[in-house]
Amino acid sequence: MAQNVLPTDPTLDEVRAALAPIIARNVAFDGWSKAAEEMAASQAGVDPVIAALAFDGGAMAMIDAWFAHIDTEMIAACPSETLDAMKIRQKITSLVEARLAAMEADRESLRRALSILAMPQNMARAAQLGWRAADHMWRAAGDTSVDYNYYTKRSILAGIYAASLLVFVNDKSDNHAETSAFLARRIEGIMRFEKAKARFTRNAERRPSLARFVGRLRYHAR
């Protein structure tokens, strides 16, 4: 395994970024454990004491750093000039698919990460990581909403992404075709919902106001 190049005096953030994907490669053998961290440090030529400081939070710190690495890989695979030419459905699909492709070689590590994230004491952190992934995807897709849509878009996408990961870890089809089909169905369902919501909103704006009608009855012109 090739060693990641680090500055002479790296920050802890730089150490985390460099070691995260290497740790993920070792997780299939050692789990999200101290052993995986130490092996990654040895492979990257990082002082084990520095590595221990970088991942002071244990398994959750390692998983967090790996998911941040996936964020970076996703952006590299889906540059803005490519996404700009796509419709929103295509953008989101491409971004989720890019994340899955980045984890393809470490699917067992993902399975173990999801098991840890599903523990009751880690569910709040898991929700934060899911939200962060959804936020990165929507920002990459060019979303600039600041109203309630900001929250609903991310909540919905976080749910779709989480469900897709659960399918992905057990997907034995070529090029995770089953996961891609599942993702397409989920996104199609959301798009139908959004269209229906838009129609309802437009109709509501045109619909006569009951309050205005009652007011006219009560305070009719003399």
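The values are calculated or read from the model by the stated rules, or taken from the named source; none is laboratory data. Predicted, not measured: the structure shown is a model, and the values here were computed from it. Positions of Cβ are backbone-derived with ideal geometry, glycine not excepted, and every protein chain shown enters the neighbour counts.
Summary table
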quantity: Region 132-171 - residue that is surrounded by 17 or more Cβ atoms within 10 Å (Cβ to Cβ) and hydroxyl-bearing (S, T, Y) and, of those, farthest from E81 (Cα to Cα); calculated: S164
quantity: Region 68-94, residues that are of a type in the set (S, T, N, Q), without any contact (Cβ under 8 Å) to a residue 60 or more places away in the chain and surrounded by fewer than 18 Cβ atoms within 10 Å (Cβ to Cβ); calculated: T72, T82, Q90
quantity: The lone exception for D171 - which of (1) under 25 Å from N26 (Cβ atoms); (2) modelled with pLDDT under 95 it fails; calculated: (2)
quantity: Tally of residues being part of a helix (DSSP H, G or I), aliphatic (A, V, I, L, M) and farther than 16 Å from W138 by Cβ across region 81-122; calculated: 10
quantity: Evaluation of T8 against (1) assigned to a helix (DSSP H, G or I); (2) among the hydroxyl-bearing types (S, T, Y); (3) more than 19 Å from D106 (Cα to Cα) (one fails), failing number; calculated: (1)
quantity: Any hit, region 202-211, residues being modelled with pLDDT under 90, more than 18 Å from the chain's Cα centre (by Cα), acidic (D, E) and outside any helix (DSSP H, G or I); calculated: no
quantity: Among the residues listed as P10, P48, the single one being more than 30 Å from A141 (Cα to Cα), more than 25 Å from the chain's Cα centre (by Cα) and at pLDDT 95 or above; calculated: P48
quantity: Any hit, region 110-121, residues being closer than 22 Å to V15 by Cα and out of contact with any Phe, Trp or Tyr (no Cβ under 6 Å at 6 or more places or on another chain); calculated: yes
